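Shown next, in structure tokens, is the structure this report addresses.
The values are calculated or read from the model by the stated rules, or taken from the named source; none is laboratory data. This one's a predicted model, so the numbers in the text were calculated from it and none came from an experiment. Cβ sites come from the backbone with ideal geometry, for glycine too, and all protein chains shown count toward neighbours. These accessible areas exclude ligands, DNA and RNA; they are computed on the full protein's heavy atoms, side chains included. Shrake-Rupley method; radii C 1.70, N 1.55, O 1.52, S 1.80 Å.
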Amino acid sequence: MSQTFYKIWIHLVWSTKDRELYLHKEIRQQVFEHIKEKAQKEGYHLDEIDGAADHVHCLISLQPKFSISEVVNKLKGESSHWINSKQLTKTHFAWQGGFGAFSVSESDVPTVRSYIQNQEEHHRKKSFAEEVQEFLEAYNAEQFSED
């Protein structure tokens, strides 16, 4: 058998530079739609995307041929260039360096999808910093340096 079988779900999270509140409600959906379109053009299955004024969550199913770092860097790089070319923010837009990538089991996909869809409600109760800390603890996450 020479076929490759896979199902790799990843919950990606990244923030705006210095967690600036760039992604105002007026532009947020436009930015998220653009990221989803870019993902599709690259051959990534971006199942869900949402976030708040200072960060983005994506649920993505990746083929084994794609590197997580490559995927995130393409989505972040191209979208920041697009945001600036469209002058969607009053000042120069940039994403923070780095990101969070967390594996998701098939059985947890509906829960993660719902979590991502409800970001606005979720962040009425807790800050992005609190959310990040919870992720790091829940996943016993390790820090990775590409340097």
Residues other than SER114 with Cβ under 11 Å of its Cβ, Lys/Arg counted +1 and Asp/Glu -1, net out at -3
For the chain, averaging the sequence separation of alpha carbon pairs under 8 Å that lie six or more residues apart and dividing by its residue count, the contact order in percent is 33 percent
With every protein chain kept in place and a 1.4 Å probe, the chain has an accessible area per residue in Å² of 61 Å²
Cβ-Cβ cut-off under 14 Å around TRP9, Lys and Arg +1, Asp and Glu -1: the net charge is -2
Ordered by number, the chymotrypsin sites (Phe, Trp or Tyr not before Pro) in the stretch 1-91 that occupy a DSSP loop and have at most 13 other Cβ atoms within 10 Å are PHE5, TYR6
Karplus-derived 3J(HN,Hα) from phi for the stretch 122-132 (6.51 cos²θ - 1.76 cosθ + 1.60, θ = phi - 60°), whole Hz, x at Gly and Pro, runs 4, 7, 6, 9, 8, 7, 4, 4, 5, 4, 4
Under the Karplus relation with 6.51, -1.76 and 1.60 and θ = phi - 60°, whole-Hz ³J(HN,Hα) for the stretch 94-105, x at Gly and Pro, equal 8, 8, 5, x, x, 5, x, 9, 10, 5, 10, 6
Excluding ligands, DNA and RNA, the carbon-plus-sulfur percentage of the accessible area of the stretch 1-117 with a 1.4 Å probe reads 48 percent
Along the stretch 67-74, Karplus-curve 3J(HN,Hα) (6.51, -1.76, 1.60; θ = phi - 60°) to the nearest Hz, with x for Gly and Pro, reads 7, 4, 4, 4, 4, 5, 4, 5
Checking the stretch 50-89 for trypsin sites (Lys or Arg not before Pro) in a loop per DSSP with at most 12 other beta-carbon atoms within 10 Å yields LYS65
Interchain or sequence-distant (5+) residues whose placed amide H lies within less than 5 Å of the amide H of HIS55 are THR16
Using alpha carbon centers only, the stretch 1-55 is separated from the stretch 69-147 by a whole-angstrom value of 8 Å
Taking N as the residue count of the stretch 93-145, its alpha carbon Rg divided by 2.2 N^0.38 Å gives 1.27
Among LYS36/LYS90; LYS38/LYS86; LYS17/LYS41; LYS38/LYS76, the pairs whose Cα-Cα distance exceeds 21 Å are LYS36/LYS90; LYS17/LYS41
